[in-house]
There are 2 protein chains.
Amino acid sequence: MRSSAFEKLRGLGFDETAAGVLADHFVAAEQSGRTGHGLARIDWLATLPGLDPAASPERLVAEPGYERWDGRGALGYLTLDAVVRAQVVEPPERARLVVASASFPTGVLGFWVRRLAEAGLVGVLTATSPPRLSSPDGGPPVAGTNPIAVGVPSRDGPPVVADVSPATATYGDVLAGLASAEDVVPFGGEQAYKAFALAVGLEALVGALAGPEHGAVLLVARPEHDSVAWLRERAPDVRLPGDGPSV
Amino acid sequence: MRSSAFEKLRGLGFDETAAGVLADHFVAAEQSGRTGHGLARIDWLATLPGLDPAASPERLVAEPGYERWDGRGALGYLTLDAVVRAQVVEPPERARLVVASASFPTGVLGFWVRRLAEAGLVGVLTATSPPRLSSPDGGPPVAGTNPIAVGVPSRDGPPVVADVSPATATYGDVLAGLASAEDVVPFGGEQAYKAFALAVGLEALVGALAGPEHGAVLLVARPEHDSVAWLRERAPDVRLPGDGPSV
């Protein structure tokens, strides 16, 4: 599966490193059942206007507690890959906010915070995408299907990786033929106003920090306690978010 | 409404400043319709074991990008009030993570990020509470009804204040007689696994940074763009989270 994805990506003009990053992401998405973020994305990439396979992101500001990146025309996947690698190489003393502007699409956010968790770091990541969610009261789309992912490592076992989209179905599900565009609404039925509020809050957050183009905001921190071990002790037989097929 | 609340709180032993902070919070909760966090909490406070009206929080670490607070036996409301005041007095250059351990109960989180937004700051706040949410698959309670609130200011008008609980009803609703304990479940019906994942992710996050007692984690940042103005332009007639009766 990976080698044919890799070859297709090479055919789109990505170099070996970039094609490897992208193939790994799409294959992991498939294997975890998030097919909307999987191999179907390769054909979709080819349709993106202005796709520049040679573009690479740039770190514009690097302070102990703050970094600012810009995609510089690169796909958001490649920007987040570079961001995550940089955090693992030089973790924050305590905590660091990383703002990535012009970074789209960013794929399965749980994938990125899982990598941070595997390096022993706590991560909270959100990202914006084209506005598709309207208020449950009606009106035009206001917010993207902006997910939020939280990754928390454990000394004793697998991390918790929660990755939640405020939408019933994501646009990726539509691309993969798993849902129709009408399913891209805030989840929650009668309480869909909650998911809508979350999506709008995240939209405003990322916009305020990263600017008008779709972007991502990542908090990275060093854990001071093994909270995941307590949760597993509290509920030994319960499947926690991120358990099972990993992405 | 405020003066009788204030007098009752004075009667519980709180000094004028603390009683004022608490009364303001409960009255604002009532006025915004979040009665579960409103005046009913005063009688509930009196039932808390070990309530120490004289306790006050302490800032243990103060770095440009990181602060660590401890409730020192004070109510979480008073800790967050002190945290918010400190951020407004000395805002971060870019961003700051504030970790508050032993801080419970914290009330309506939107109230605190609204105050930050009114001071021109972006805030993202979450907090933990006693485990009441079980997995939709069953088992014991794993996570609190841990809300997440996002406040984003605007130069042109009111801020966006999204304040979302992953629970269908909060324990406050139960205290106020508005819901029964069985309603304290992850919201979302068939997709309740999403709200459960969010609650567990936030539980693990706060625990990893703040330790085993209930705590709070706040990100404060300076906005670089007026994203709220864009959202209002995108959907001029849509009520955004935080519009209406304010808390």
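Taking the Cα atoms of the range A:113-225, the ratio Rg/Rh between the radius of gyration and the Kirkwood radius comes to 1.03.
As a length-normalised measure over Cα pairs under 8 Å and 6 or more apart, the relative contact order of the range A:53-234 settles at 24 percent.
Available extension along the chain between residue A:43 and residue A:190 is 49.3 nm, counting 0.36 nm per residue and deducting the alpha carbon span. With both labels modelled 7 Å from their Cα along Cα-to-Cβ, the residue B:137 to residue A:155 distance reads 2.7 nm. Give me the net charge for the shell around residue A:165: Cβ to Cβ below 14 angstrom, other residues only, Lys and Arg +1, Asp and Glu -1. For residues surrounding residue A:165, the net value is 0.
Taking only the Cα atoms of the protein assembly as shown, the ratio Rg/Rh comes out at 0.96, with Rh defined as the Kirkwood radius.
For residue B:177, the distances from its label point to the matching points in the remaining copies are 5.8 nm, ordered from shortest, with each point set 7 Å beyond Cα toward Cβ. Look at the stretch A:86-97: the mean tally of other chain Cβ atoms within 10 Å of its residues' Cβ atoms is 3. Residue-level result for chain B: its Cβ closest to the axis carrying B onto A, with that distance in Å, is B:65, 1. With each label modelled as a point 7 angstrom along the Cα→C-beta vector, the residue B:93-residue A:90 pair spans 1.4 nm. I want to make sure I understand the PRE zone here: with the label point 7 angstrom from the Cα of residue A:224 toward its beta carbon, which residues in the range B:66-99 have backbone N atoms less than 11 Å away? What the label zone holds, given the 11 Å backbone N cut-off, is B:67-71, B:98-99.
Of all the options B:181, B:162, B:143, the one that moves most in a Gaussian network model of chain B with Cα springs shorter than 10 angstrom is B:181. Think of chain B as having a plus end and a minus end, set by charges on the Cβ of Lys, Arg, Asp and Glu; of B:25, B:73, B:62, B:62 sits farthest toward the positive end of this dipole.
Helical content of chain A, expressed as a calculated mean residue ellipticity at 222 nm, amounts to -11000 deg cm²/dmol (DSSP H runs of 4 or more residues, -39,500 (n - 2.57) each, divided by residue number, nearest 500).
Spacing of the modelled spin labels on residue A:63 and residue A:118, each 7 Å from Cα toward Cβ, amounts to 3.2 nm. Of the residues A:134, A:187, A:228, the one whose Cα sits farthest towards the positive end of the charge dipole of the range A:53-234 is A:228 (charges of +1 on Lys and Arg Cβ, -1 on Asp and Glu Cβ, taken about the Cα centre). Legend: calculated FRET efficiency, residue B:15 to residue A:1, from the Cβ-Cβ distance at R0 = 51 Å, rounded to 0.05, equals 0.20. Sorted shortest first, the separations between the residue B:50 label point and its copies elsewhere in the assembly read 5.7 nm; each point sits 7 Å from Cα along the Cα-to-Cβ line.
With the label put 7 angstrom out from Cα along the Cα-to-Cβ vector, residue B:31 ends up 5.5 nm from the copy partners, going from closest to farthest. Here the Karplus curve 6.51 cos²θ - 1.76 cosθ + 1.60, taken at θ = phi - 60°, turns the phi angles of the range A:118-131 into couplings of 5, 8, x, 10, 7, x, 10, 9, 9, 7, 9, 8, x, x Hz, with x standing for Gly and Pro.
None of the figures in this text is laboratory data; all of them are computed from the coordinates on show. Everything quoted here is computed from the prediction, not taken from an experiment. When we count neighbours, we look across all protein chains shown, and the Cβ atoms used for this are built from the backbone with ideal geometry, even at glycine.
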